[in-house]
Amino acid sequence: MAKQTEDDKILYRINKRFLKGIVDYGLITDGDKILVGLSGGKDSMALLELLALRSRIYKPRFSVVAVHVEMSNIEYKSDISYLESFSRSLGVPFITYTTSFDPTTDTRKSPCFLCSWNRRKALFIVAKEQGCNKIALGHHMDDILETLLMNMTFQGAISTMPPSLVMRKFDMTIIRPMCLLHESDLIEMARIRSYRKQIKNCPYEKDSHRSDMKEVLRRLEEMNPEARYSLWSSMNNIQTDMLPIVTSSRIHSEPETDGGTNN
């Protein structure tokens, strides 16, 4: 038996975390047809490859379709021939869909948000056309935690992007199979698989708070190397008795604590 290389070990760990996310959150069932939004970035490339490889395993039986959404009024071009070749090499059908948006239609929302929302609507359209019942997005654990921090900071809400979200209005389920993968995992996978980098030239990218939250998450991990896992666990450990929730009948009392944290 050939000895495992370091790259083999990294890919094994990635596949193990990927499968754990699928199983823990029940993301895939027999008969699913899953649409993957393939932007050309490392995250979507890794997602498509991981799902395509997983679809070849006997259970559960599911199929995958890739779509690249092109925004005609934004100078952000991907190498479509490369993306199509990549999809075909995995045995996955590839589709392109062109759309656009007008940033002046809703000045309350940032152009980044409007662009993202219009891309998402395009995914729903293609998913329906292809008979898909699920849309897989390439968000990883870092994305989910950064969104949690952004929503707490700017929206005053404890919420984020869940691993599975049923969109009843569209009769579609959004899944995030890479929810337990770290961004560093995907950087390693992109290196090992030699994913070709696409040219980024988005005029609205600077408007996003996400890069700021990446730095916040990095600083938190400097203070506590287990910070990301603590943040993740906190979403399943909401102690309402210790929160200032306003109710008409609730009697408030100060908890008996020395000010430390309970791990």
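The values are calculated or read from the model by the stated rules, or taken from the named source; none is laboratory data. Quick caveat: nothing in here was measured; it's all calculated off a predicted structure. Every residue, glycine as well, gets a Cβ built from its backbone with ideal geometry; the counts of neighbours run over all protein chains shown.
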- request: Determine, yes or no, whether LEU145 is touching a residue at least 40 places away in the same chain (Cβ under 8 Å), under 25 Å from GLY40 (Cα atoms) and crowded, with 16+ Cβ neighbours inside 10 Å.
  value: yes
message: Against the definition (of a type in the set (Gly, Ala, Ser), touching a residue at least 40 places away in the same chain (Cβ under 8 Å) and over 25 Å from GLU129 (Cβ atoms)), how does ALA190 come out, yes or no?
response: yes
- prompt: Can you name every residue in region 1-29 that is of a type in the set (Asp, Glu) and within 16 Å of SER164 (Cα to Cα)?
  reply: ASP24
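Let's see how each residue does on (1) surrounded by 11 or more Cβ atoms within 10 Å (Cβ to Cβ); (2) of a type in the set (Phe, Trp, Tyr); (3) modelled with pLDDT of 95 or more; (4) not in a helix (DSSP H, G or I):
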site: ALA2; (1), (2), (3), (4): no, no, no, yes
site: ASN15; (1), (2), (3), (4): yes, no, yes, no
site: GLY21; (1), (2), (3), (4): yes, no, yes, no
site: LEU27; (1), (2), (3), (4): yes, no, yes, yes
site: ILE34; (1), (2), (3), (4): yes, no, yes, yes
site: GLY40; (1), (2), (3), (4): yes, no, no, yes
site: SER44; (1), (2), (3), (4): yes, no, yes, no
site: LEU48; (1), (2), (3), (4): yes, no, yes, no
site: ALA52; (1), (2), (3), (4): yes, no, yes, no
- line: If you go through ALA127, ALA122, ALA136, the only one that is surrounded by 17 or more Cβ atoms within 10 Å (Cβ to Cβ), within 30 Å of LEU220 (Cα to Cα) and touching a residue at least 12 places away in the same chain (Cβ under 8 Å) is ALA136
- prompt: Residue check: is ILE10 of a type in the set (Val, Ile, Thr), under 18 Å from the mean Cα position of the chain (by Cα) and modelled with pLDDT of 95 or more?
  reply: no
